[in-house]
Amino acid sequence: MIEFRDARVDEGDGGRLARAMRDEIAVIYPGLVLDGPDMPKAGPAELGPPGGAFLVGYHEDRPVCCGGVKRLSPEACELKRMYVVPERRGRGIARALLVALEDRARALGYTIARLDTGPAQPVAQALYESAGYAPIANFNANPVASFFGEKALG
């Protein structure tokens with residue numbers, strides 16, 4: 001069972017998990033700076049109130065995952081910074097995180113969720129497609145993403 005708590009992407013457990021995700025992405029995509037000027041923004045302003053949120057998931061009081069909701073428009077949001085610690089992968093935590101983020105997006109009033117992932121992350125793409133995300137055109141100008149998905153939250 002995962003307990004999700006509100007957090008910040010730049011401090012505390014949320015900040016630590018977000019940094020671990022950035023470090024892993026830097027290895028998967030050499031030379032990529034996740035917070036660089038050419039990348040979609042996903043900092044505290046985007047992943048915080050009033051239009052966004054950042055969640056940390058805990059298992060037995062240990063932080064094991066994180067992810068955020070970013071406002072794109074009054075109807076649509078983007079799910080960002082999804083990460084599960086390596087030692088807890090393959091146990092359904094990513095799917096639970098995705099559901100928690102969709103629930104938060106609904107609570108914030110969004111009716112559409114969008115997300116993206118890159119070519120070196122086929123497991124993430126498979127998760128998103130199995131959860132109902134249909135391929136769409138590049139909506140956020142992410143230069144490394146190869147899959148852009150959208151799901152109605154109705």
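Below are the figures for this structure:
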quantity	calculated
Test: residue in the stretch 109-118 that is among the polar types (S, T, N, Q), farther than 17 Å from Gly14 by Cβ and in contact with a Ser or Thr (Cβ under 6 Å, 6 or more places away or on another chain)	no
Output for the stretch 118-136, where each listed residue is assigned to a helix (DSSP H, G or I) and aromatic (Phe, Trp, Tyr)	Tyr128
Spans of strands (runs of 3 or more DSSP E) in the stretch 1-115 with at least 2 residues touching a helix residue (DSSP H, G or I) at 6+ places or on another chain (Cβ under 9 Å) and under 16 Å from Glu150 (Cα atoms)	62-71, 76-84
Check on Glu3, farther than 18 Å from Gln121 by Cβ, in contact with a Ser or Thr (Cβ under 9 Å, 6 or more places away or on another chain) and surrounded by fewer than 16 Cβ atoms within 10 Å (Cβ to Cβ)	no
Unique residue being over 12 Å from the mean Cα position of the chain (by Cα), within 27 Å of Arg106 (Cβ to Cβ) and not aromatic (Phe, Trp, Tyr) when the list is Pro30, Pro49	Pro49
Odd one out for Tyr29 among (1) on the phi < 0 side of the Ramachandran plot; (2) exposed (fewer than 12 other Cβ atoms within 10 Å of the Cβ)	(2)
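Bear in mind these aren't lab numbers, they're just calculated from the coordinates by the rules spelled out. This one's a predicted model, so the numbers in the text were calculated from it and none came from an experiment. Every residue, glycine as well, gets a Cβ built from its backbone with ideal geometry; the counts of neighbours run over all protein chains shown.
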